[in-house]
Amino acid sequence: MSDSITLDPQHTPANPIGPRHINDVPYDVFHVIFSICLQAAPAGVPFPVVASHVCGTWRQHALNTPKFWTKLDFNQKKPQFERYRVWLERANGAPFDVYIDQTPFHAASLKRAKEIMRLIMPNIASLRTLEVEK
């Protein structure tokens with residue numbers, strides 16, 4: 001009779017409880033990870049949008065984190081007013097930042113300026129920064 005030990009490859013001294021699923025991470029840890037990703041996200045599709053489309057758990061975490069929805073960049077020819085209206089709802093009164101460059105104003109400057117103001121004014125008490133590029 002030999003004394004042999006059979007090790008479960010999933011249970012090692014470094015990993016005594018076996019593999020875990022990312023969705024098992026506590027919300028606080030998940031929030032820290034999301035916050036880091038939010039700051040380091042490359043240009044393109046905004047991180048909160050990407051995160052909210054991964055799975056139901058990620059969607060709930062993203063939707064329930066107001067600070068993910070607080071950066072409004074008006075730097076497209078056709079600003080996404082409806083998207084930003086939804087973002088301000090999700091921000092739930094959290095301080096938000098607005099960046100406006102000249103791009104939205106090339107074709108319809110007065111119309112776009114009015115639309116931006118209509119979006120911002122109901123939430124003006126929560127406006128943290130407003131940056132307008134010359």
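Things to note:
- Accessible surface calculations at 1.4 Å, restricted to protein heavy atoms, place the stretch 44-134 at 60 Å² per residue.
- Gyration tensor verdict on the stretch 69-134 (Cα atoms; rounded if a/c is under 1.5, prolate if a/b is larger than b/c, oblate otherwise): prolate
- Whether the stretch 24-124 is rounded, prolate or oblate, judged on the alpha carbon gyration tensor where a/c under 1.5 counts as rounded: prolate
- Here the spin labels are modelled as points 7 Å beyond Cα on the Cα-Cβ line, and at TYR99 and ASP28 they lie 3.2 nm apart.
- MET117/GLN39 FRET efficiency (R0 30 Å; Cβ-Cβ; nearest 0.05): 0.60
- Between HIS53 and PHE81, the simple spin-label model (points 7 angstrom out along Cα→Cβ) gives 2.4 nm.
- Of the whole protein surface, GLU133 contributes about 90 Å² of accessible area at a 1.4 Å probe radius.
The values are calculated or read from the model by the stated rules, or taken from the named source; none is laboratory data. The model shown is predicted, which means the values in this text are computed figures rather than measured ones. Glycine gets a Cβ as well: all are built from the backbone with ideal geometry, and neighbour counts include every protein chain shown. Surface accessibility is based on the protein's heavy atoms, side chains included, excluding ligands, DNA and RNA. Shrake-Rupley method; radii C 1.70, N 1.55, O 1.52, S 1.80 Å.
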